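Input: a single structure, listed below in structure tokens.
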Protein chains: 2
Amino acid sequence: MTKKSKSSALHNIEGVSQSEITNATSISKIQLKRKAKPTTQELISDIINGNITALSRAITLVESSNPKHLKQANDIIKGCLKHANASVRIGITGVPGVGKSTFIEAFGMHLTSNGKKVAVLAVDPSSSLSKGSILGDKTRMENLVKNENAFIRPSPSGTSLGGVARKTRETIILCEAAGFETIMIETVGVGQSETAVHSMVDFFLLLKLAGAGDELQGIKRGIIEMADAIAINKADGDNLKAAQLAKVEFNRALHLYPQKDSEWQPKVMLCSALKQEGIEELWKLIASYIEHTKTNNYFEHHRREQNKFWLLQTIEDRLKSDFFSQPKIKEALKLQLQLIEDGKTTPFAAAEYLLSL
Amino acid sequence: MTKKSKSSALHNIEGVSQSEITNATSISKIQLKRKAKPTTQELISDIINGNITALSRAITLVESSNPKHLKQANDIIKGCLKHANASVRIGITGVPGVGKSTFIEAFGMHLTSNGKKVAVLAVDPSSSLSKGSILGDKTRMENLVKNENAFIRPSPSGTSLGGVARKTRETIILCEAAGFETIMIETVGVGQSETAVHSMVDFFLLLKLAGAGDELQGIKRGIIEMADAIAINKADGDNLKAAQLAKVEFNRALHLYPQKDSEWQPKVMLCSALKQEGIEELWKLIASYIEHTKTNNYFEHHRREQNKFWLLQTIEDRLKSDFFSQPKIKEALKLQLQLIEDGKTTPFAAAEYLLSL
């Protein structure tokens, strides 16, 4: 807004008002130009009206590394903020092979058939490197991708988790402003990305398979304790008995953890995304979690804490990267690490020295 | 050293040499003075000779907040470094009531009776506040405290975990230089202090009780996965059967985690510190862990990684505290948090703004 009035003021000083320019140009030309490059205000109102093209365009701005785009993206997000937040954000993790895409397809179709609008996002910091990135291949969600009440967006690219997480988190706001009531955020069950996803969702779902041990499934330590529910997928046919056994075992494991701050006891469920079994039950479970946490005020409290976390996290990341990217620090750090290894200094003395440079 | 020659130079300039002063003063007076305030070099060689008084004095310097003491402490640590590192560092955690003191007493007595020198330290950031701090009451280790091959030092005081951890980590070096081959570091099973202790030890032991659920035992999530062994204490009398059941359950839980980097499969054991049962078996287990990790080179690798961790951690802590302690940042942070809460800005935009101040 400030920018716009500033710009008109500038035109006035030059003796040509904004309206004069508009009058001097043919209407159709303006419209064409607008279509090609909508203004920030236009994008905001189009997003709020549920326009998918505008939403996609804004996300592209969020994902851009061009500082000019970043400025516009920030303005759009600011404009969308008061229309955001009214959604359920669900994090979904599980190792490759667990059937995440099939599950999201089945879950998404179930929700849209109940009149809900569903957005599917992803956090995968490796996506720019590996070609087999999650959500990269939309063909694995062939029904959902054609569904007009569903919006699917692959992981933003980037090698730093912080950057990818920021982009996804801002994309959530845009999707919410565009009227998507359920946001699913997919990630893979390896590495740090679940922690990032966990801190941007209301409900965290871990998909597992029966039979294979956790070691084989490569689930990172600590993921299980993040889960608000574990869904044992592919619980059908010959697999059903093993899935039932796994359910008992996971239930026991979950009881080893102390009560969560949400006062929610994580549940284990069976499902078969392929046969669309257990999907409705899972949605009911999530709905009861939302009701539970809205009643005890954890829901709002948790979102506030997440905001605080991201504020502090962003600052910390920047402080660190600003410090360690200095050439003199890079050089000195190498030497200090060598001195520590040779038993000639301690980590604390080395840190003090580096901070004094 | 530099300090000493500087001081003699000063005396020479004033026309009075150090030797003249010495000659002018009675020998006994000088000796008394030396005894009261030993030099850095004297402290270093006394420590290396296993002098407990010198060790205690040096630890007091490490724990001091006086910058002059800090300088001397750093010099002493540097002098001790090449005599350190030849020990087994064992972290011990468990909630109050699990019998940590009794366990450490039994374990320490077992080791000293086998000719080993044992140091017992603690990390408890709350110790300066709460009177019931761990190790504060040495009477709970009445035999070990009288044992000349044991050295017991309560947690350094301090409200910041970083500060307490640094002091303890430097104290480890001093104890090692003084010939202590086994260092036990006790902490309580609540809060962040286990993570700090975990990153300064070779072996991490979790003490548990049978019967009471983990919820009741208040064990923080994530502690179990840090453990290289779980010892179920008070496994005697009527408690034995419950302890055996708990052992089976914990073994199952431990198998839910993927393999550790050390390639060590954590074990569950029973013990009764009171009846001194299972203590020898536990030491054998730790010895086999050390052998295992020295064979696969994890032991050295892990210590190097710990050093690197503490170097980076110390720098990060300082960068953060330097940033957030600025009055203008404190003020602006409050406002930005409010703006986030009111939905008027995003965590990322707020972070950018704060970093631009």
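Rule-based calculations on the coordinates, nothing more; no lab input. Nothing here was measured: the structure is a model prediction, and the numbers come from that model. Cβ coordinates were reconstructed from backbone atoms using ideal geometry, including for glycine residues, and neighbour counts include every protein chain displayed.
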At 7 Å out from Cα toward Cβ: B:HIS110 inter-copy label distances (nm, ascending): 5.1
Simple spin-label estimate for A:GLU305 and B:ALA287 in nanometres, 7 Å along Cα-Cβ: 4.5
Per-residue mean of C-beta atoms belonging to partner chains within 10 Å, peptide B:320-332: 1
Kirkwood Rh in Å, taken over segment A:34-82 so that all alpha-carbon pairs contribute: 10.5
Filter on A:LYS167/A:LYS234; A:LYS37/A:LYS116; A:LYS234/A:LYS294; A:LYS344/B:LYS294; B:LYS71/B:LYS116; B:LYS116/B:LYS275 - keep pairs with C-alpha separation over 25 Å: A:LYS167/A:LYS234; A:LYS37/A:LYS116; A:LYS234/A:LYS294; B:LYS71/B:LYS116
Debye, to nearest 20: dipole size of segment B:308-356, +1 on Lys, Arg Cβ, -1 on Asp, Glu Cβ: 120
Peptide B:254-260 - average C-beta neighbours from other chains (10 Å radius): 5
Averaged over A:296-303, number of beta-carbon atoms from partner chains that fall within 10 Å: 0
Cβ-defined net charge surrounding A:VAL98, 9 Å radius [Lys, Arg +1; Asp, Glu -1]: +3
Where rotation carries A onto B, the chain A residue whose Cβ is nearest that axis, in whole Å: A:LEU319, 2
Volume per residue that the Cα convex hull of segment A:203-333 spans, once the total is divided by residue count, Å³: 153
Inter-copy spacing of A:VAL145 label points, which lie 7 Å from Cα along Cα→Cβ, given in nm from shortest upward: 7.2
Interchain or long-range residues, amide H under 5 Å from B:VAL88's placed H: B:THR182, B:ILE183
For B:LYS334, label point 7 Å along C-beta direction: distances to other copies, nm: 4.6
Rounded if a/c under 1.5, otherwise prolate or oblate - segment A:84-296, Cα gyration tensor axes: rounded
